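Engineer: For reference, the structure I am asking about is given below.
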Amino acid sequence: MTSTISVAGLTRRYRDHLALDDVTFAVDGPSITGLLGRNGAGKSTLMRIVAGQEFASAGRVLVGGASPVENDAVLRRMVLVREDQAFPDVKVRDALRAASWCYPNWSAELGESLLADFDLPARRPIKRLSRGMLSALGIVIGLAARAELTLLDEPYAGLDAVARELFYDRLLADYAEHPRTVLLSTHLIDEVADLLERVVIIDHGRIVLDAPADDVRGSITTVRGSVGAVERFVAGRPTWDRRRIASQETVVVAGTLDQVDVLRARELDLTLEPLSLQQVMVHAASRVSEEPKERTSA
Amino acid sequence: MLDDGAPIFSQVAEHLVQEIADGAMAEEERVPSSNELAAYYRINPATAAKGINVLIESGLLEKRRGIGMFVATGARGRLLEDRRNRFTERYVEPMVAEADRLGIDADTLANLIRQASHAKGGIKV
């Protein structure tokens, strides 16, 4: 089967800055994948290159088996909603009409109902929309396009919590009926964690984690208790972070714990707390930035 | 509703099991589809489907072609039987261990249980 997205050895260099560093990953078939990372990690650059809106310095990008660069057939099968989306200076309704010509799977019905859901004034000129309304318009177009590849890059600047929940609900509802490949980047990780089937974490232009969301949950655990007991429990396990205060110690342990581990922790009077996806991202990112230091000291 | 610990699919499965055990989802009744569950819990439909599959594999749900998913006959009885078998391990043993840590002896513990059940007006001891 041809991958929806296939990226190999992708590198993007801006003068002295390496935005993407040898990125390789593939997305096959319908899924909602989260592209997570800190600001400046390379998420947007990756999205734009996949969407053919920017060029790679090195490496290969294929969408549905073909290069997206100046390839109209490929570009029509995907939509990219950007945080800094620029719209032509027309009315909201005209922007939707223009979008309907671009995307072969466009659903006018969904577009109309989303306009109403987000309270977007169809007749208002786009330049008079608020920041939140602009984001909502991007989301309306991104969902109504029903593109086989839907790239949503931090699509909700200025949207309040209510509007974001609306977005999640509509995304899930339409995705359920019309499965497609969704790549969603966001910094509101815990908000979207449950929507994701797969998680790709990028840091300093490199992929530091790429796994099914179910495997990530519970794969990293905070162990808390008295110093001696914690040490006995974590011995021989990969640990990510250690903190001590008085006789108490908190250690982050990588790797899924089994039933025996849980019983042993109970015997040692330890508290086990799985890390949320957001915390996993933070730890994964900080580990990478520590790595070069380790190398120089070795 | 869903917490961070266990994989989401197993939490969904656990919720469904609870509904069946409580009788909230009766035997022979149609259960929500994976899309309905996904919308309700705000989770990925594939995750919801994985949760349903856990129950299909354990025979608690059965698929009827073209109609949907139904609670299997005898599912509730099997669940309750299973829970009775695991009651000691899941509730009694941890309670006794904690009582021991706190220096509560067996007689006091038994009395506490009696009081608690009396307060609930519930089980006869």
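The values are calculated or read from the model by the stated rules, or taken from the named source; none is laboratory data. Being a predicted model, the structure only gives us computed values, none of them experimental. FYI the Cβ positions are ideal-geometry reconstructions off the backbone, even for glycines, and counts take in every protein chain you see.
Engineer: A:Ala122 versus (1) part of a loop (DSSP other than H, G, I, E, B); (2) closer than 22 Å to A:Leu149 by Cα; (3) touching a Lys or Arg at 6+ places or on another chain (Cβ under 8 Å): which is the lone unmet condition?
Structural biologist: Failing condition for A:Ala122: (2).
Engineer: Any residue that is at pLDDT 90 or above and more than 13 Å from chain A (Cβ to nearest Cβ) - is there at least one of those in the stretch B:30-39?
Structural biologist: At the first step, the residues of the stretch B:30-39 found to be at pLDDT 90 or above are B:30-39.
Still in the list and also more than 13 Å from chain A (Cβ to nearest Cβ): B:30-31.
Scanning the stretch B:30-39 turns up at least one residue that is at pLDDT 90 or above and more than 13 Å from chain A (Cβ to nearest Cβ).
Engineer: Determine whether A:Ile207 is buried (at least 18 other Cβ atoms within 10 Å of the Cβ), farther than 28 Å from B:Val12 by Cβ, more than 11 Å from the chain's Cα centre (by Cα) and modelled with pLDDT of 90 or more. Can you show your working first?
Structural biologist: On the way: buried (at least 18 other Cβ atoms within 10 Å of the Cβ): yes; farther than 28 Å from B:Val12 by Cβ: yes; more than 11 Å from the chain's Cα centre (by Cα): yes; modelled with pLDDT of 90 or more: yes.
In short, yes.
Engineer: Separate question: For the structure I just gave you, tell me whether A:Val23 is surrounded by 17 or more Cβ atoms within 10 Å (Cβ to Cβ) and β-branched (Val, Ile, Thr).
Structural biologist: Working: surrounded by 17 or more Cβ atoms within 10 Å (Cβ to Cβ): yes; β-branched (Val, Ile, Thr): yes.
Here the answer is yes, as A:Val23 does meet what is asked.
Engineer: State yes or no: is A:Gly138 over 30 Å from A:Glu267 (Cα atoms), of a type in the set (Gly, Ala, Ser) and crowded, with 18+ Cβ neighbours inside 10 Å?
Structural biologist: Numbers: over 30 Å from A:Glu267 (Cα atoms): yes; of a type in the set (Gly, Ala, Ser): yes; crowded, with 18+ Cβ neighbours inside 10 Å: yes.
Considered against the rule, which asks whether it is over 30 Å from A:Glu267 (Cα atoms), of a type in the set (Gly, Ala, Ser) and crowded, with 18+ Cβ neighbours inside 10 Å, A:Gly138 comes out as yes.
Engineer: Mind telling me which of the residues B:Ala99, B:Ala75, B:Ala26, B:Ala119 ends up being of a type outside the set (Val, Ile, Thr), crowded, with 17+ Cβ neighbours inside 10 Å, more than 30 Å from A:Phe167 (Cβ to Cβ) and more than 14 Å from chain A (Cβ to nearest Cβ)? Let's see the steps before the verdict.
Structural biologist: Numbers: B:Ala99 fails: crowded, with 17+ Cβ neighbours inside 10 Å; B:Ala26 fails: crowded, with 17+ Cβ neighbours inside 10 Å; B:Ala119 fails: crowded, with 17+ Cβ neighbours inside 10 Å.
Among B:Ala99, B:Ala75, B:Ala26, B:Ala119, only B:Ala75 is of a type outside the set (Val, Ile, Thr), crowded, with 17+ Cβ neighbours inside 10 Å, more than 30 Å from A:Phe167 (Cβ to Cβ) and more than 14 Å from chain A (Cβ to nearest Cβ).
Engineer: Identify, from the list A:Ala193, A:Ala229, the residue that is crowded, with 17+ Cβ neighbours inside 10 Å, over 28 Å from A:Trp101 (Cα atoms) and within 11 Å of chain B (Cβ to nearest Cβ). If you could, list the steps in order and put the result at the bottom.
Structural biologist: Values: A:Ala229 fails: within 11 Å of chain B (Cβ to nearest Cβ).
Step by step, each of A:Ala193, A:Ala229 is checked, and only A:Ala193 is crowded, with 17+ Cβ neighbours inside 10 Å, over 28 Å from A:Trp101 (Cα atoms) and within 11 Å of chain B (Cβ to nearest Cβ).
Engineer: What tally of residues in the stretch A:150-160 results from selecting those that are over 14 Å from the mean Cα position of the chain (by Cα) and touching a residue at least 60 places away in the same chain (Cβ under 8 Å)?
Structural biologist: First, the residues of the stretch A:150-160 that are over 14 Å from the mean Cα position of the chain (by Cα): A:157-160.
Among the residues that remain, those that are also touching a residue at least 60 places away in the same chain (Cβ under 8 Å) are: A:157.
Number of matching residues: 1.
Engineer: Ok, one more. Within the stretch A:146-190, which residues are among the small types (Gly, Ala, Ser) and within 8 Å of chain B (Cβ to nearest Cβ)?
Structural biologist: Within the stretch A:146-190, the subset among the small types (Gly, Ala, Ser) is A:147, A:157-158, A:161, A:163, A:173, A:176, A:185.
Within the stretch A:146-190, A:Ala173, A:Ala176 meet the criteria.
Engineer: Please go through the stretch B:2-23 and give me each residue that is polar (S, T, N, Q), surrounded by fewer than 19 Cβ atoms within 10 Å (Cβ to Cβ) and within 14 Å of chain A (Cβ to nearest Cβ), ordered by number.
Structural biologist: Taking the stretch B:2-23 as the starting set, the residues that turn out to be polar (S, T, N, Q) are B:10-11, B:18.
Next, only the ones that are surrounded by fewer than 19 Cβ atoms within 10 Å (Cβ to Cβ) stay: B:10, B:18.
Matches in the stretch B:2-23: B:Ser10 only.
Engineer: For the stretch A:1-24: of the residues being outside any strand (DSSP E or B) and among the β-branched types (Val, Ile, Thr), which is farthest from A:Ala173 (Cα to Cα)? Please lay out each step first, then the result.
Structural biologist: Residues of the stretch A:1-24 outside any strand (DSSP E or B): A:1-4, A:15-16.
Retained after the next criterion (residues that are among the β-branched types (Val, Ile, Thr)): A:2, A:4.
Numbers: A:Thr2: 26, A:Thr4: 21 Å.
The extreme case among them is A:Thr2.
Engineer: One residue is enough: does the stretch A:161-183 have a residue meeting the conditions in contact (Cβ under 8 Å) with a residue 24 or more places away in the chain and β-branched (Val, Ile, Thr)? Spell out how you get there, then give the answer.
Structural biologist: Filtering the stretch A:161-183 down to residues in contact (Cβ under 8 Å) with a residue 24 or more places away in the chain leaves A:163-164, A:166-168, A:170-171, A:174-175, A:178-183.
Imposing the further condition that a residue be β-branched (Val, Ile, Thr) reduces the set to A:181-182.
Within the stretch A:161-183, one or more residues are in contact (Cβ under 8 Å) with a residue 24 or more places away in the chain and β-branched (Val, Ile, Thr).
Engineer: Further question on the same structure: Check the stretch A:180-198 and report whether any residue there is closer than 23 Å to A:Ala86 by Cα and over 23 Å from the mean Cα position of the chain (by Cα).
Structural biologist: Looking for residues that are closer than 23 Å to A:Ala86 by Cα and over 23 Å from the mean Cα position of the chain (by Cα), one finds none in the stretch A:180-198, hence no.
Engineer: Now for a different question. Of these, B:Gly51, B:Gly59, which one is surrounded by 11 or more Cβ atoms within 10 Å (Cβ to Cβ), away from chain A (no Cβ under 14 Å) and modelled with pLDDT of 90 or more?
Structural biologist: That would be B:Gly59, the only listed residue that is surrounded by 11 or more Cβ atoms within 10 Å (Cβ to Cβ), away from chain A (no Cβ under 14 Å) and modelled with pLDDT of 90 or more.
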